[in-house]
Each structure stands twice: as C-alpha cells, then as structure tokens.
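Working notes, beginning with the structure itself.
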Amino acid sequence: MKILNALLAMTAVAAVSLMSGSAIAQTYPERTITMVVPFAAGGPTDTVARLVAESMSKDLGQQIVVENVGGAGGTLGAGRVAQADPDGYTVLLHHIGMATSATLYRKLAYDTLNSFEYVGLVTDVPMTIVARKDFEPSDLRGLVEYIKANKDSVTVANAGIGAASHLCGMMLMSAIQTQLTTVPYKGTGPAMTDLLGGQVDIMCDQTTNTTKQIQGGTIKAYAVTSPARLKVLPDVPTAVEGGLADFQVGIWHGIYAPKGTPADVTERLSKSLQVALKDQNVVARFAELGTEPSPDADATPAALKAKLETEIARWKPVIEAAGQYAD
Ligand code: ASP
C-alpha cells in the first residue's frame, strides 16, 4: 500500500511538473528579457547581440534589452548571469571566451560547465590582424619583422584576459616568439576608438568590429584568420597566406541561461534564435560584417553544450603550455 501511495504521489508530481512545464512554454515570455553582453557597447559581441536580440524580440513578442557588463575578459558578465534568477528573463550572449576562461582564470565566480543552461550557437566570426592607419609595416611579413625589431615599443590592444582579442594576440605572440605590451579594455569597441586615434598600435579583432573600418581605410589590415579570404575583404590575405602556418581561429558565440532555467524556456529561446538566424536582415548584416548565422542544427541547447565541452578540452592544454593565468 505504501508503495502504491508513493507511486501515486510520484505520478502526481510528474503530472504537475509536466503541466507547469507546458504552462510556462505557453505564456513565456510575459515581460522584457535582458540579454547580458559581457563586453562594452559598440564592440563585436554587442553588434551580434543587438542584431539577434532585435529579431528574436519580434518572434517572442517581448523586447530583449541588451545590457553591457564588460570587464575581466567577459567573466564579470558571465558571473552576473550565473547568479540571476533562472526564470528565462536573463540570458547571456558570450563567445569562445566562455571556454578559454575556464582554464585561464584561477578563480571564477561561477562554474563554467555547471552554472548555465544552453540555448544555442549563434555565429562563428573570423578575426583580423589590424593596426592603426599609419603603422609602418605594409604586409604581414613586414609586421612580423617590425614587431621582432621593436618589441619594447609595440602595443597590442585587447578586451582583457579570456577575450577573443587576447586569445588571438597570444597566438600571434607565440607564433613569432615575441612578448609585447598589451593594453586591456572592457571590450574592443573602446579599443577600436584608441586604435583609430593612434593610441595603440595593433589589435587582433573580429570582423564584426573591423570590416567597416578596413573597407573605409581608417585602419590597416594584415590578415584574416579564416581558412579562405573573405568576400567582404577580398584584398586581405589569410594569415596562412601571409606566412603564419596554422594561424586559423574562429570566434563562436552562444546564448546561455542561468542553471535551473526550465528546459521548455530554453527550447523556446532556441526556436526563436533559429528564426532570427534566418531573418533576411540578420543574414544580410552578418554577411556585410564577414560572418554567417549558425544553421538550425547548431542553434540548439545540445549543440552549444557539446561545443563548450569540446572547446574547454581543446584550449586547456594550449593555455597550460603558455602558463599564463589570471587571478
Ligand atoms: N568580443 C569582445 C567585444 O565585444 C572583444 C573580444 O573578445 O576580444 O568587445
């Protein structure tokens, strides 16, 4: 009898949770959603987030407001979302830094693999190696020689340890076996302002922030980090063409929610993300910025979870070999 009662009770609990699950999915979202971007406004992640958020808002029938929480290479913003209520009204749009920070930082205010739920992958953005407009070297080989000869004076901008610009800058320094002075910002939006103003010399940053400036001739471009040249920047060689063997990296972005966010809410957000990534305006703007939306199969919770796990494992030995950590 006891067993029967227990079984009946379990069935009742299961029925309630099923009901509450579908009830949430039917009414969600009922108010404004905050999308945290863990970098400064006006930068590459912010640009991607605002485009996607605008389109998802239309599909969801509620506004998604972007909030910039920059600092510490994206880890401050990620920490903010990890501690938010798991109700579907706070999400995080972050990039590859979510994976690299897991090893780069000795202490984080969250547990990368256990503090979040997953919505889906958004895009994979190539990087560009760029410099202030009047920087002397005219091509990548010239840049490498110049850096080696002037290592004490050349400055590299980045968005803090764990940022894509930091990762790519580290790859560059390691490829040419030279340490340079780095200048950290809360995002490469403000870093770009200083590059345009000539206050820093070089930067490795995503095409979503550099394409328009390169096309306008306001900064100099030495290379793209994609396997092939980009349609929007046909005159910029790949880093491999420019002499840096294996120098390829893509900056994948994903949307996360705090741990405990109901699965039907993350599923609803994922469906909305898939709609946004097929929105002609989003597709066209991404193309102008040198990137492409993720296909439906990648814009899912399972694909982002798998990507994060694989990327943590991929970067761990690389970072450990470099032996540079942040506290
Ligand atoms: N994604 C950062 C930003 O939006 C830059 C970076 O990661 O390097 O500013």
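Would it be correct to say that D235 is open to solvent by 40 Å² or more (accessible area, probe 1.4 Å) and within 16 Å of the ligand (Cβ to nearest atom)?
Numbers: open to solvent by 40 Å² or more (accessible area, probe 1.4 Å): yes; within 16 Å of the ligand (Cβ to nearest atom): no.
No.
Could you list, in sequence order, the residues of the range 292-318 that are free of Cβ contacts under 8 Å to residues at least 24 places away in the same chain and either in contact with a strand residue (DSSP E or B) (Cβ under 8 Å, 6 or more places away or on another chain) or among the acidic types (D, E) (or both)? Steps first, please.
Residues of the range 292-318 that are free of Cβ contacts under 8 Å to residues at least 24 places away in the same chain, as a first pass: 295-297, 306, 310, 313, 317-318.
Hit for the range 292-318 is D296, nothing else.
Against the definition (under 19 Å from M171 (Cα atoms), open to solvent by 50 Å² or more (accessible area, probe 1.4 Å) and at pLDDT 95 or above), how does E241 come out, yes or no?
Numbers: under 19 Å from M171 (Cα atoms): yes; open to solvent by 50 Å² or more (accessible area, probe 1.4 Å): yes; at pLDDT 95 or above: yes.
Judged against the criteria, E241 is a match.
Mind listing whichever residues of the range 59-108 are assigned to a helix (DSSP H, G or I) and open to solvent by 30 Å² or more (accessible area, probe 1.4 Å)? It would help to see each step written out before you state the result.
Let us first name the residues in the range 59-108 that are assigned to a helix (DSSP H, G or I), namely 59-60, 72-82, 97-104.
Residues satisfying the conditions are D59, A72, L76, R80, A102.
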Original post:
Hey, any hits in the range 190-197 for a residue that's surrounded by fewer than 17 Cβ atoms within 10 Å (Cβ to Cβ) and at positive phi?
Top reply: no
Original post:
of a type in the set (S, T, Y) and not in a strand (DSSP E or B) - does that describe any residue in the range 33-48?
Top reply: yes
Subject >> Sole exception among (1) in a strand (DSSP E or B); (2) out of contact with any Leu (no Cβ under 8 Å at 6 or more places or on another chain) for Y118, by number >> reply: (2)
Original post:
Taking the stated definitions as given, is I251 surrounded by 17 or more Cβ atoms within 10 Å (Cβ to Cβ) and either among the basic types (K, R) or within 16 Å of the ligand (Cβ to nearest atom) (or both)?
Top reply: yes
Subject >> Number of the condition not met by P38 [criteria: (1) modelled with pLDDT of 95 or more; (2) under 28 Å from T210 (Cα atoms); (3) surrounded by fewer than 20 Cβ atoms within 10 Å (Cβ to Cβ); (4) not polar (S, T, N, Q)] >> reply: (3)
Original post:
If you scan the range 278-298, which residues turn out to be open to solvent by less than 10 Å² (accessible area, probe 1.4 Å) and out of contact with any Ser or Thr (no Cβ under 6 Å at 6 or more places or on another chain)?
Top reply: F286
Original post:
If T123 satisfies every condition in (1) modelled with pLDDT under 95; (2) crowded, with 24+ Cβ neighbours inside 10 Å but one, which is the exception?
Top reply: (1)
Original post:
Looking only at the range 149-165, which residues are at negative phi, within 13 Å of the ligand (Cβ to nearest atom) and open to solvent by less than 20 Å² (accessible area, probe 1.4 Å)?
Top reply: V156, A157, N158, A159, A163, A164, S165
Original post:
Restricting the range 221-278 to residues that are in a strand (DSSP E or B) and hydroxyl-bearing (S, T, Y), which is farthest from L143 (Cα to Cα)?
Top reply: Y256
Original post:
Taking the condition within 12 Å of the ligand (Cβ to nearest atom) and either open to solvent by 10 Å² or more (accessible area, probe 1.4 Å) or at pLDDT below 95 (or both), does L172 pass?
Top reply: no
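If I go through the range 277-287 residue by residue, how many of them are in contact (Cβ under 8 Å) with a residue 12 or more places away in the chain and farther than 12 Å from T47 by Cα? Outline the logic, then answer.
We begin by selecting, within the range 277-287, every residue in contact (Cβ under 8 Å) with a residue 12 or more places away in the chain; these are 277-279, 281-282, 285-287.
From the residues that got through so far, the ones that are farther than 12 Å from T47 by Cα too are 277-279, 281, 287.
Of the residues in the range 277-287, 5 are in contact (Cβ under 8 Å) with a residue 12 or more places away in the chain and farther than 12 Å from T47 by Cα.
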**OP:** Could you tell me whether the range 129-141 includes any residue that is within 22 Å of V37 (Cβ to Cβ), over 16 Å from the mean Cα position of the chain (by Cα), aliphatic (A, V, I, L, M) and open to solvent by less than 50 Å² (accessible area, probe 1.4 Å)?
**Re:** yes
Original post:
Mind checking which pairs have a first residue in the range 38-52 that is at positive phi and a second that is surrounded by fewer than 24 Cβ atoms within 10 Å (Cβ to Cβ) and at pLDDT 95 or above, Cβ under 9 Å, 6 or more apart or different chains?
Top reply: G42/N68; G42/G189; G42/P190; G42/T193
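For the range 56-77, does any single residue satisfy the condition of being more than 13 Å from the ligand (Cβ to nearest atom), hydrophobic (A, V, I, L, M, F, W, C) and touching a Pro at 6+ places or on another chain (Cβ under 8 Å)? Step through it out loud before you land on a result.
First pass over the range 56-77, keeping only residues more than 13 Å from the ligand (Cβ to nearest atom): 56-65, 67.
Keeping just the survivors that are hydrophobic (A, V, I, L, M, F, W, C) gives 56, 60, 64-65.
Imposing the further condition that a residue be touching a Pro at 6+ places or on another chain (Cβ under 8 Å) reduces the set to 60.
Yes, some residue in the range 56-77 is more than 13 Å from the ligand (Cβ to nearest atom), hydrophobic (A, V, I, L, M, F, W, C) and touching a Pro at 6+ places or on another chain (Cβ under 8 Å).
The values are calculated or read from the model by the stated rules, or taken from the named source; none is laboratory data. The model shown is predicted, which means the values in this text are computed figures rather than measured ones. In this analysis, Cβ positions are derived from the backbone assuming ideal geometry, glycine residues included, and neighbour counts consider all displayed protein chains. In case anyone asks, the SASA skips ligands and DNA or RNA and just uses the protein heavy atoms, side chains included. Shrake-Rupley method; radii C 1.70, N 1.55, O 1.52, S 1.80 Å.
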